[in-house]
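I have placed the structure first, in the form of structure tokens, so that the comments after it can refer back to it.
The values are calculated or read from the model by the stated rules, or taken from the named source; none is laboratory data. Computed from a predicted model, the values in this text were never measured in an experiment. Here the Cβ positions follow ideal geometry from the backbone for every residue, glycine too, while neighbour counts run over all protein chains shown. Each accessible area value is taken on the protein alone, full model and side chains, heavy atoms only, with ligands, DNA and RNA left out. Shrake-Rupley method; radii C 1.70, N 1.55, O 1.52, S 1.80 Å.
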Amino acid sequence: MPPAAPGFTPKTLAFLRALKRNNRREWFHERRAEYDQHVHAPMMAIVDQLALDFPQVAPEFVATPKVSMFRPWRDTRFSANKAPLKTNVAAVFPHRALGRMQGAGLYFEVSTESVWIGGGLYSPDSAMLHAVRTHIVEHHRTFAKLVGASKFKTLLGTMQGTTAARMPRGFDAAHPAADVLRHKQFLAAREEAPAFAARPDFYRQLLAAFEAMAPFVGFLNQPIVEMRRTMER
């Protein structure tokens, strides 16, 4: 019998709900063993399994606990909210040529409000955004095929992200991809209720979502990787 797929349990969600009600350092330290068992360890197991599966379904992306996992502590230095702890558990999977929090990546989080599985380009700087838009202009048919693929549409729906009120300067409003070019973010996502994280098939669903969005995210990274290489020459 194959080993059970990694995943969370109802105790994971119970801990996150309790943490939300008791977001204090002393409360957390008294229950650190529970956090390690029901939150940290399952997430580490998922990341470790993704590292084994990504070469087949998302080979451009990195999954390791050191790179992917977030610390439980919030950075409160510049925030009016001084609650010390994050009330979700999350992991990020960057492109191997770009590194953590650079370019377009894969990401998921489990919180008391939802499970969010997503990927894409969240907050590109102006140079990166221009490069991606230019890439879409030049390869708009390829892009349309990626977001129109049956697996993408079934699991993720349509591309998401904030848009500009007007067509960006230098781009043609009559271009076939005009609606896409107005985007300031390029995101694909699946959102579910918190209980989704504790389903026996959670890992299988997570991996399927990442597999469906990986070509889309890879497309977004192509001009960013090239821009990085040009800068390093």
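Work out how much length Ala33 to Gln56 would gain on full extension: take 0.36 nm times their residue separation and subtract the Cα-Cα distance, in nm to one decimal. Don't jump to the answer; show the numbers that get you there.
Values: separation 23, 0.36 × 23 = 8.28 nm, distance 3.45 nm.
Here the answer is 4.8 nm.
If I stretch the segment between Arg141 and Thr112 completely, what's the gain in nm (0.36 nm per residue apart, minus their alpha carbon distance), one decimal? Numbers along the way, then the final one.
Values: separation 29, 0.36 × 29 = 10.44 nm, distance 3.93 nm.
Full extension of this stretch gives 6.5 nm more.
Within the set Lys20/Lys82; Lys86/Lys151; Lys66/Lys184, which residue pairs have Cα atoms separated by over 22 Å? Distance filter (> 22 Å) returns Lys86/Lys151; Lys66/Lys184.
Estimated at 0.36 nm per residue, the fully extended path between Thr162 and Thr64 surpasses their Cα-Cα distance by 32.3 nm. Distance from the C-alpha centroid of segment 133-185 to that of segment 65-94: 31 Å, rounded to the whole angstrom.
So, for segment 114-154, what is the accessible surface per residue at a probe of 1.4 Å, expressed in square angstrom? Numbers along the way, then the final one.
Values: 2200 Å² over 41 residues.
Result: 54 Å² of accessible area for each residue.
Suppose we look only past 23 Å in the calculated P(r) of segment 73-165. What percent of the Cα-Cα pairs does that tail hold? Cα-Cα pairs of segment 73-165 separated by over 23 Å account for 41 percent.
Surface composition of segment 184-233: carbon and sulfur make up 52 percent of the accessible area, probe 1.4 Å.
What's the local net charge at Ala214, with K and R +1, D and E -1, over the other residues with C-beta under 12 Å away? Mind showing how you got there, number by number?
Numbers: positive: Lys151; negative: Asp53, Glu60, Glu211.
Taking every other residue near Ala214 into account, the sum is -2.
Computed with a 1.4 Å probe on the full set of protein chains, the accessible area for Glu211 sits at about 70 Å².
Using packing as a proxy for protection, rank 128-135, 47-54 so that the peptide with the highest average count of other Cβ atoms within 10 Å comes first.
Values: 128-135: 19.8, 47-54: 17.2.
Packing order, densest peptide first, comes out as 128-135, 47-54.
The calculated FRET efficiency for Ala174 paired with Lys153, based on their beta-carbon distance and R0 = 25 Å, is about 0.45.
Report in % the part of the accessible area of segment 9-146 that belongs to carbon and sulfur, leaving out ligands and nucleic acids; probe 1.4 Å.
Working: 3880 of 7270 Å².
Heavy-atom surface of segment 9-146 belonging to carbon and sulfur, 1.4 Å probe: 53 percent.
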